[in-house]
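Notes to accompany the following structure.
The values are calculated or read from the model by the stated rules, or taken from the named source; none is laboratory data. Predicted model, so just to flag it, every value in this text is computed and none were measured. Note that we place each Cβ from the backbone using ideal geometry, even for glycine, and neighbour counts take in every protein chain shown.
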Amino acid sequence: MAILNQTKQKTMKIVGLIGEPAAGKSTVFRKFIATLGSYSVQKEGLVTYTLFHDDNVIVAGIYDEQVFSGTDRLSKGCGPKYREWIARHNANPEWDDWSFYFEGERFSNSKFFDFFRDECSDVTIYYLNADEETLNERNANRSNQNSSWRKGMATRMRNLREGYPVKIVEQGFTLR
């Protein structure tokens with residue numbers, strides 16, 4: 001389900017995965033990345049991404065074996081720089097056949113979703129649903145995420161889910 005006006009000029013495909021903390025977003029991304037070919041990590045100021053050359057895929061963040069990888073390690077202030085980066089690449093036809101993938105909290109806000117709606121022609125956002133037992137089990141391993149923060153993030157994700165067209169997916173979901 002695209003969240004955009006399809007009459008816009010063609011841009012990079014944008015694919016996002018949002019959900020409550022510990023829903024399994026990074027796990028879905030690690031599995032997705034494992035299906036891709038050769039890559040290089042690129043850093044342009046606050047913008048860090050993994051470029052999968054053979055697949056025409058760009059993934060925000062770095063995915064490695066650390067507990068918090070992917071976009072969790074990006075600066076909390078990276079949003080405006082990523083929006084500038086996406087806008088600059090969308091203006092370049094060489095990137096039309098590329099797809100930009102993101103997950104997590106750094107991109108899960110109304111500023112990004114409004115930007116995607118207004119500036120991009122092909123956007124799909126998925127909301128990864130997780131039951132309470134799964135969330136509690138996975139949150140037990142995250143000592144630096146207190147319950148107040150998790151509750152606030154859960155509310156923010158539900159508000160995005162209700163305020164923008166997203167596809168709700170369940171555990172076991174795979175990208176591509």
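Filter segment 128-175 down to the residues that are part of a loop (DSSP other than H, G, I, E, B) and touching a strand residue (DSSP E or B) at 6+ places or on another chain (Cβ under 9 Å), then identify the one that is surrounded by the most Cβ atoms within 10 Å (Cβ to Cβ). Break it down stepwise before answering.
Going residue by residue through segment 128-175, those that are part of a loop (DSSP other than H, G, I, E, B) are 129-131, 140-146, 164-166, 170-175.
Pick out the ones that are also touching a strand residue (DSSP E or B) at 6+ places or on another chain (Cβ under 9 Å) and you get 129, 164-166, 170-171, 173, 175.
Values: N129: 16, Y164: 18, P165: 14, V166: 21, E170: 9, Q171: 13, F173: 17, L175: 19.
My answer is V166.
Can you name every one of the strands (runs of 3 or more DSSP E) wholly within segment 13-65 that holds 2 or more residues which are free of Cβ contacts under 8 Å to residues at least 12 places away in the same chain and not β-branched (V, I, T)?
Qualifying strands (runs of 3 or more DSSP E): 39-44.
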request  = Count, please, the residues in segment 22-69 that happen to be at pLDDT below 85, over 26 Å from E170 (Cβ atoms) and of a type in the set (A, V, I, L, M).
outcome  = 1
ask   = Quick one: is L128 under 17 Å from the mean Cα position of the chain (by Cα), at pLDDT 90 or above and within 25 Å of M157 (Cβ to Cβ)?
value = yes
ask   = Which residues, taken from segment 76-113, are in contact with a strand residue (DSSP E or B) (Cβ under 8 Å, 6 or more places away or on another chain), of a type in the set (A, V, I, L, M, F, W, C) and surrounded by fewer than 19 Cβ atoms within 10 Å (Cβ to Cβ)?
value = W98
request  = Please state which of the following conditions T7 fails to meet, knowing it meets all the rest: (1) closer than 30 Å to T155 by Cα; (2) at pLDDT below 90.
outcome  = (1)
task = Report, ordered by the first and then the second residue, all pairs with beta carbons closer than 6 Å, sequence separation of six or more or different chains, a first member in segment 90-109 that is closer than 30 Å to W149 by Cβ and among the aromatic types (F, W, Y), and a second member that is crowded, with 17+ Cβ neighbours inside 10 Å and modelled with pLDDT of 85 or more.
result = F100/M12; F100/I14; F100/I58; Y101/V15; Y101/V59; F102/G16; F102/A60
remark   = Scanning segment 135-158 for residues that are farther than 13 Å from E105 by Cβ and either within 18 Å of the chain's Cα centre (by Cα) or aromatic (F, W, Y) (or both) gives R158
ask   = When only residues in segment 140-155 that are modelled with pLDDT of 75 or more and among the polar types (S, T, N, Q) count, which is nearest to K25 (Cα to Cα)?
value = T155
remark   = Just one listed residue, out of G61, G37, G24, G77, is touching an Asp or Glu at 6+ places or on another chain (Cβ under 8 Å) and closer than 27 Å to N159 by Cα, and it is G61
